[in-house]
Amino acid sequence: MKRLIAPSFGLVLALVLSIVAFTFGWHWRHSAQDMRRRLDTARANLVCHGTLSLADSGEQSLPFTQLIAFPRGVNLELRLQVHALTSSAKSGDTPDNEAPETTDAGNATSSPSTSTPAGNTAADATPRSPDELVKQLHASIGVIRLYSEAGTLLWEDDFANFVRHHLDAARGEVVMPLRSCAPLPIRERPLGHGRLVVVVRRPVAALASLPLTLSGRHALSGLEELQLRACSCVSVLLFVFAAITLLWAISFVFHLRRAWHLRHLIQAPPAAGRPILYLLTAYPRWSETFLRQDLLLLQAEQLPLHPVALFPGDCEKRPDWPEVTLLSNAVPGSDKERRDRLHRLIARLLPDAIHAQLSLIRHRKLRARLLAECRDKRVGHIHAEFADLAALLAADVAQYLGISYSVGIHAFDIHACKYPRRRLFSPAAFITVCNQAAAQAFRNSCPGYKDRLNVLHHGILLDKWPFQSKRPDYSPARLLFIGRLVPKKGVAILLNALGLLKQQHSNVHLTIIGAGPLEEALRTQAKDLELDGIITWTGVLPPEEVREHIQQASCLCMPSIVTPDGDRDGIPNVVTEAMASGLPVVGSLFGSLSEVLNADTGWPVDHLTPEELAATISECCAQRDECERRSKNARQLIESRFDAKKLAGIRADLFRNLSQTMS
């Protein structure tokens, strides 16, 4: 029952976090919606609107309705139609041919019908410009007061303080904005209906017929819109966090379901004589000679192996290769596989547990066939090569059947593991790794399982690779590359180095053996560098022809790199084969090449650049005696650490001793 505690606690915690995040997100979303409604209402509706008359003195009252409060209050403004102002000015003009009546003293006087009180002539004159209009309004209007519905005075100011004006060209109006009406803090500001009172101190006959409009709008600034956007962003982030924690909870549901299924399950050791299912992801693959060799050597050790592959490989099976049962005829890299790349990209964004469960669901037919194969053959142990889909299916089926399971890791499958490491390695009875770099990466990422780790190189059959102590001084020098044309092999750097050697008039020729997705791009690069005359592209060749090229080459070039996604080389078999044959190796130190390649066994390139690689190749081809010395050291290294038959015996003992280890 201890297995149920951790996933149960994780499930409760994830659900609580998801509910809390969703609740707060919903609250912020409603706050943003309410703020949007308030802003739309404030922009669409007027707080007050009415027409003022300056024909009589006294108080004039306008309805004032404020249902929404903003920090800056309300903006008041007076508006007057420009054409009304100009028409009034024209009608008040005195014609040029009519002379005013004069007194004996010679001063101008007005007729009795148009006479004005003394001292008011300037104030009552018809305004001819907005400036004159403002002066007359200052003389006429006194104070402006705001009262609540209960009659409480909220705000008061003198109209003389409002002196600004501008022309609204779109509407043809003179606009006089008044100062904001915000007398109280927003928390104390009463909302509802009220009265805006304008006190006219003295009437102005010239303005009595002009349409003066007083209106009020909510005073808004950019802060309200910024606050709205902030609320929306916070709500979105909270909803995203709620979704992530919900996915986390779902992953714990899968953990809990699995733990519940395995709560009474005791993994039994393989019974004597029961088959060992040896699971590969794809078979046959041209570049995976080490797996075919290991499989043949384990079968020679009289182990009851039942080889199975999930998918077919990238080449045709040869008669001398081991027989393997295929569970699917779908070739990886087909049109369907390319269409599923988007699904895999989405899966990588999910938690590892959900990604693994989705992979099991997506490959449920493969799992069912693997399960049926184990039952039909009465399999007692499953071993998966590469910690990828094969290991995921093998671990799941082994735990379901209650049988033991092991896995072999190499390079990319541990440096950039696609599935939860705990799910792949925790049920494993033992784990094999073929190079020290991958072993160290495993110890760093899975320290709890390092006691099950066994470092076993793949090795080569030494009798098939006799040592050639002296090699002819070929002209041109025969450079050789063998491998898949994929990014981690660094062939593009090799082509650039070959271009530099050509510029230096070095007499070299490069043979590239292999194929891959980068072949077309690399051929284009070689053509751009004008290297067609010194490169031979052979494609995929049988092992006998590859051996012949190794025996007739001047040096092997391995400019391996680490790709951005973490893919890298382990110890390529072609390197150990070349060293066993006495062929000098020029290569980088990325991946696990540094385990076999150093200044005593080959020609390492410390800083891999086209310039450094070209210089190292030139040095290797020029120093034949030094090449012979280093080649002998390399052969001794291969004999001591990479004898495939000895390593196969150790590997077979892991399977034989499994029953004792489990018991």
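Label separation (V540 vs S640): 3.7 nm, computed from points 7 Å beyond Cα along the C-beta direction.
Tell me, in nm to one decimal, what length is gained between D320 and E612 on full extension, where the rule is 0.36 nm per residue of separation less the Cα-Cα distance? Answer, rounded to one decimal: 101.0 nm. The residues neighbouring Q623, those whose beta-carbon lies less than 11 Å from its own, together hold a net charge of -1 under the Lys/Arg +1, Asp/Glu -1 convention.
What FRET efficiency comes out for the pair Y474/L296, r = Cβ-Cβ distance, R0 = 51 Å, nearest 0.05?
On the way: r = 34 Å, r/R0 = 0.67.
Approximately 0.90, to the nearest 0.05.
Give, as a single signed number, the net charge of other residues whose beta carbon lies under 11 Å from the beta carbon of C417, with Lys and Arg counted +1 and Asp and Glu -1.
Details: positive: K418, R421, R422, R423; negative: D352, D388, D413.
In short, +1.
The residue list L583, T511, I493 was ranked by how far each Cα lies along the charge dipole of region 465-642 toward its positive end, using unit charges on Cβ atoms, and L583 comes out on top. Placing +1 on each Lys and Arg Cβ and -1 on each Asp and Glu Cβ, with no other charges, gives region 465-642 a dipole about its Cα centre of roughly 320 debye. Note on S328 and F24: their simple-model spin labels are 4.2 nm apart, each label 7 Å out from Cα toward Cβ. Between R378 and R37, the simple spin-label model (points 7 angstrom out along Cα→Cβ) gives 7.4 nm. For region 580-663, the Kirkwood estimate of hydrodynamic radius, built from reciprocal distances between every pair of different alpha carbons, is 14.9 Å.
What fraction of the Cα pairs in region 561-606, stated in percent, has a spacing above 12 angstrom? The answer is 58 percent, as a whole percent. Computed on region 465-642, the Cα convex hull volume stands at 105 Å³ per residue. Ranked for footprinting exposure by Cβ neighbours inside 10 Å, fewest first, I460, I144 give I144, I460.
Listed by Cβ neighbour count within 10 Å, with the fewest neighbours leading, R201, R195, R484 appear as R201, R195, R484. Computed on region 446-547, the Cα convex hull volume stands at 179 Å³ per residue.
Where a number appears in this text, it was derived from the coordinates with a stated rule and is not lab data. Small disclaimer: the values here were computed from a predicted structure and weren't measured. FYI the Cβ positions are ideal-geometry reconstructions off the backbone, even for glycines, and counts take in every protein chain you see.
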